[in-house]
Amino acid sequence: MSLAIKVPPVGESITEVVLSRWIKQDGDYVEMDEIIAELESDKATFELTAEKAGTLKTIAKEGDTLEIGATVCSIEEGGAAPAEKKAEPAKVETPQPASKPAAETKSDSYAAGAPSPAAAKILAEKGLETTTGTGVGGRITKEDALKAQAATKTAAPASAPSKTSAPVPSGARGERREKMSSLRKTVAKRLVAVKNETAMLTTFNEVDMQPIMDIRAKYKDKFKEKHGVGLGFMSFFTKAVCEALKEFPAVNARIEGEEIVYNDFADISIAVSAPKGLVVPIIRNADLMSLAQIEQAVVDLATKARENKLAIDEMTGGTFTITNGGVFGSMMSTPIINAPQSAILGMHNIVERPVAINGQVEIRPMMYVALSYDHRIIDGRESVGFLVRVKQLLEDPARLLLGV
Amino acid sequence: MQYDVVVIGSGPGGYVAAIRCAQLGLKTAIVEKYATFGGTCLNVGCIPSKALLDSSEHYQNAAHTFQTHGIKLKDLNVDMPQMIKRKNEVVEQTTAGITYLFKKNKVTSYQGHGSFVDKNTIKISKADGSSENITAKNVIIATGSKPTELPFLKPDKKRIITSTEALNLKEVPKHLILIGGGVIGLELGSVYARLGAKVTVVEFADSIISTMDKTLGAELLKSLKKLGMEFLLSHKVTGATVKGTKVTVTADDPSGKNISLEGDYCLLAVGRTAYTEGLGLENIGITLEERGKKITVNEHLETLVPGIYAIGDVVRGAMLAHKAEDEGVFVAEYIAGQKPHINYNLIPGVVYTWPEVASVGYTEEQLKEQGRKYKSGSFPFKASGRARASMDTDGLVKVLADAQTDELLGVHMIGPRVADVIAEAVVAMEFRASAEDIARICHAHPTFTEAFKEAALAATDNRAIHI
């Protein structure tokens, strides 16, 4: 009996996935629910698991693009499970004392990576956690520890420094190579594609944050009490962006083939730093939400992102993106559009700067804002106008109420 | 004078710390209150007690085993003054060796009582009444410990004595009443029991050397009883009085009944207390721990005052010379910016009775308490050819290994020369060897170390060869 394993439906808007990697190989014995392959969509990666135990027969190849429901592989019932797991007993049939596999050289001992007392001290002083152990059972010998140090030394440039050059502090200069995760590869591919395929440029402005800070100072306790969520900057920015998008619909649009698709709703993507990398969950219909609802949505999405619990649905779609480099201390940046969207707003840190107000120099909490946009569908007038509008709404939040 | 490091106390912790500091290029001074260097260990502890243990062991053999060996002796006598004189010569040579090592390593030494004026200034009060101040960037407190006294039982140092006086008796006691069944008491008790004294041990706990693996205490008890020592376990001493040359010790037996013992000497050996008297710790804001009067230190052996370190008996952990030595090296290297490490679980404990007792790692009781799955293998010296040849067949080696990985978790020995044999187990455990590793390492024949190999075989797979 063989069972065909198909690409499972992974999300509403996902029609195809890429087989990024076979974890099990053709002919391998797999247990039920064991992970056999890694699939990725343009949003995330998934694991394909065996629906029953048996011998794997691969059908699709790594790198293949597969539609949902397409057959990836099949599993033949039965197969040589024990033989696969324990190679040694199988050899009993041919009694050849001399050919016993040299299990001793394997470093799967409980003591693998255990440094000798001298090696431990050397490693600690090099700031190294561990190194390859060549001792019995993979133990780290003094020589291993010394070599770990020597290897980093020889990695330094070989060119002889001239006598006058200042002493170079010696330290670990090792290289580390890691395979890119599928998510990282996808992100990399898409960012380069956006740079190549759009006519992207950035416009800047600055926002006097004093009015919003005053409102927050005045109402943050009451807001928290009433809505159970803190009043941050994100809600103001989202609200201001939604207002401005209504006035500049091209900023909320996207190109599809030879057509421009305008949206009469605003789904705002929020860039969040998650353990696996950057993710961009979406606040749906943000234009219809209250400030409190937006704050709550931001908290929910950020929490899910940090816990890797975002569903594909929650990251699919979006008409405009807000990214906040300010949380990391960025003063100014040119964000990259989150394709197929056409524009992205970059928030930055708030810094007290002297500004001229009514002919007087005043110290105000200022933030630079940046709008990167696809010039193919957004003209300079619209992009600059959009950003100025956002600035106006933030500097005088009463306008948000009045729609002026 | 300005120093990088000043060490207070020249015992095995202090002098080793000073030498290591000097080796590392630090300008180092050491302050010692007594006339000779070396602290308790060299003057009134490890070294003199071993000198007397060896002398008394020779006498014990001459008196009891030579005949069996085929050696006849007439008019065998103990010359106590000569025994003490030889012991003193050993001490003199050893302490003189420290003076030489200080000179060789350019450690400046000061004779006098060191105390803190402030965290960087040490006042040295000398015997002639003068004093001198020296300053230091770092100070290492290595002032050691003193015999613990009981509030209701003050040693008069003539009839009620501590270990210090017990090393300088002019006669062999007729009846030595020993309070405390710990390492120090049993070693000194052995000395006098071998020399012909009646020795009665009064111990509060229900076993002797009670911090070690229970098997060792039980085995040692058998051997010491053979030597003629008597034991009153679970007895609570209530007092002692001296009348002329007689000492009367009173105690409560396990049922709470009063008993009294009469002897000519009473040796009080109920442990040691950290010694920090007159150190001026109050001037730098260091307070002592409630229990044991020890100085609190962090994992780098640094006190609450930055730049002030403490090592050895004045800080937490076992009161052992070799532990203090390792801590001395540790602090010296730490001050010099290195990153040393001490594996406190692998500090061996040794008792120089005969048979000797030695131990490293976890005891069987500790493993049970941790709920760890372990295997045990032991081998008696009775089955060792080497032990039979020397007529030292008391004792055994016990190896405890992880049930799953076979890694050595504890090694406990009682038998001939096991104080030396234990080193092999410490090395093996530092390298996380398994019981089978020991069993597969060639051990010279015939040696006492074979017993360790056989016990390891027993622990590996219950396949000792010689039993």
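Odds and ends about this structure:
- In order along the stretch B:225-242, the phi-based Karplus estimate (6.51 cos²θ - 1.76 cosθ + 1.60, θ = phi - 60°) of 3J(HN,Hα) comes to 5, 4, 6, x, 6, 10, 10, 10, 8, 6, 10, 9, 5, 10, x, 8, 10, 10 Hz; Gly and Pro are listed as x.
- Each Lys or Arg adds one and each Asp or Glu takes one away; over the other residues whose Cβ falls under 9 Å from the Cβ of A:PRO115, this sums to +2.
- Estimated dipole of the stretch B:330-467 in Debye, rounded to 20 [Cβ of Lys and Arg +1, of Asp and Glu -1, Cα centre]: 200 debye
- Neighbour counts of C-beta atoms inside 10 Å place A:ASP287, B:ASP54 in the sequence B:ASP54, A:ASP287, starting with the fewest.
- Spin-label model, A:ASP379 to A:ILE363: label points 7 Å out along the Cα-to-beta-carbon direction sit 4.4 nm apart.
- In nm, spacing of pseudo-spin labels at B:ASP206 and A:VAL261 (7 Å Cα→C-beta vector): 8.2 nm
- Charge sum, other residues only, whose C-beta stays under 15 Å from A:LYS246's C-beta, Lys/Arg counted +1 and Asp/Glu -1: -3
- Listed by chain and number, the lysines whose C-alpha is less than 20 Å from the C-alpha of A:LYS147, apart from same-chain residues fewer than 8 away, are A:LYS121, A:LYS126, B:LYS339.
- As a proxy for reagent exposure, ranking A:LYS189, B:LYS72 by other Cβ atoms within 10 Å from fewest up yields B:LYS72, A:LYS189.
- In a fully extended conformation the segment linking B:ASP420 and B:SER125 would gain 102.1 nm over its present Cα-Cα distance, using 0.36 nm per residue.
- C-alpha center-to-center spacing [the stretch B:367-446, the stretch B:237-284] in angstrom: 37 Å
- Cα centroid separation, the stretch B:60-103 to the stretch B:207-235: 26 Å.
- Computed from the C-beta positions of B:LEU288 and A:GLU47 and an R0 of 60 Å, the FRET efficiency is 0.55 to the nearest 0.05.
- Only lysine pairs 8 or more places apart or on separate chains count here, and in the stretch A:2-78 those with Cα atoms under 18 Å apart total 7.
- Modelled FRET efficiency - R0 25 Å, A:ASN308 with A:ASP64, Cβ distances, 0.05 increments: 0.45
- Where only DSSP H runs of four or more residues are counted, the protein assembly as shown gives -9500 deg cm²/dmol as its mean residue ellipticity at 222 nm, each run worth -39500 (n - 2.57).
- Within the stretch B:261-402: Cβ-based charge dipole about Cα centre, in debye rounded to nearest 20 (Lys, Arg +1; Asp, Glu -1): 720 debye
- Taken about its Cα centre, the protein assembly as shown carries a charge dipole of about 3160 debye when Lys and Arg each add +1 at the Cβ and Asp and Glu each add -1 at the Cβ.
- Estimated from the Cβ-Cβ distance and a Förster radius of 22 angstrom, the FRET efficiency linking B:GLU436 and B:HIS466 is about 0.80.
- As computed over the stretch B:89-193, the Cα convex hull volume per residue (Å³): 190 Å³
- Percent of C-alpha pairs per 10 Å bin, the stretch A:243-342, short to long: 15, 44, 34, 7
- Cβ-to-Cβ counts within 10 Å put B:CYS442, A:CYS242, B:CYS21, B:CYS266 in ascending order as B:CYS442, A:CYS242, B:CYS266, B:CYS21, the fewest first.
- With the convex hull drawn around the C-alpha atoms of the protein assembly as shown, the volume per residue stands at 312 Å³.
- Geometric descriptor of the stretch B:355-461, per residue, is 82 Å³ (volume of the convex hull of the Cα atoms).
Laboratory data are not the source of any read-out in this text; all were calculated from the coordinates shown. Note that the coordinates shown come from a computational prediction; the quantities given were computed from them, not determined experimentally. With ideal geometry, Cβ positions are generated from the backbone for all residues, glycine too; neighbour counts draw on all protein chains shown.
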